[in-house]
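Just so it is clear, none of the values below were taken in a lab; they were calculated from the coordinates. What you see is a predicted model; the values in this text were computed from it and never measured. Note that each Cβ is placed from the backbone with ideal geometry, even for glycine, and that neighbours are counted across all protein chains shown.
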Amino acid sequence: MARKKYNLDEEIPKGKQYKEGDLILLFKLNRIVTYNTPLMEEWLNVENATFDAFEQTLFDRKLLESQTQIAGWSEEDLKMKFITYILELGYLVSENNIVTFFDKTISATVEGIKLTVKSDFMIAKGILDVFTTPYFHFQEYKPYKNP
């Protein structure tokens, strides 16, 4: 089977869906197969949060619920019964218009190629339902369901 050659000057079809391998070839990326990168080490070495009594009770309750019930949860159950509570404990909203968003479409042009993705969760500068500068985005990866 011939390997597809990518040329950044060629016209990319609108709405093209890329596989991970396509993106690696297209942008000449190096695939990282270890998780002990300097950035991951920095994230893992962040000091643990301290909770007041109410926050600790809520966290413990949600953690216990997830440990005993998660096997039966759908994606929406996971978001609504666990992830949203954990995000609230992070006090992500600030006076600097840092906002959390769910199910927003984000796009960027990278080396002349427009990439678009539907973000499951994003932290961004914005107001109400409009974001201007994304800082962090999470998209669930389903390798067997049209990733």
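Quick rundown of the values:
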{"quantity": "Members of the range 53-90 found to be more than 24 Å from D120 (Cβ to Cβ), among the polar types (S, T, N, Q) and surrounded by 12 or more Cβ atoms within 10 Å (Cβ to Cβ), listed by number", "calculated": "Q56"}
{"quantity": "Selected residue [under 30 Å from K19 (Cβ atoms), loosely packed, with under 15 Cβ neighbours inside 10 Å and in contact with a Ser or Thr (Cβ under 8 Å, 6 or more places away or on another chain)] from T109, T116", "calculated": "T116"}
{"quantity": "Sole residue being in contact with a Pro (Cβ under 8 Å, 6 or more places away or on another chain) and under 22 Å from E140 (Cβ atoms), chosen from E76, E20", "calculated": "E20"}
{"quantity": "Residue satisfying all of: in the range 21-52; surrounded by fewer than 10 Cβ atoms within 10 Å (Cβ to Cβ) and among the hydroxyl-bearing types (S, T, Y); nearest to Y91 (Cα to Cα) among these", "calculated": "T50"}
{"quantity": "Given (1) in contact with a Leu (Cβ under 8 Å, 6 or more places away or on another chain); (2) within 28 Å of G15 (Cα to Cα), index of the condition L89 fails", "calculated": "(2)"}
{"quantity": "Which listed residue is of a type in the set (A, V, I, L, M, F, W, C) and closer than 28 Å to K62 by Cβ, from A124, A108", "calculated": "A124"}
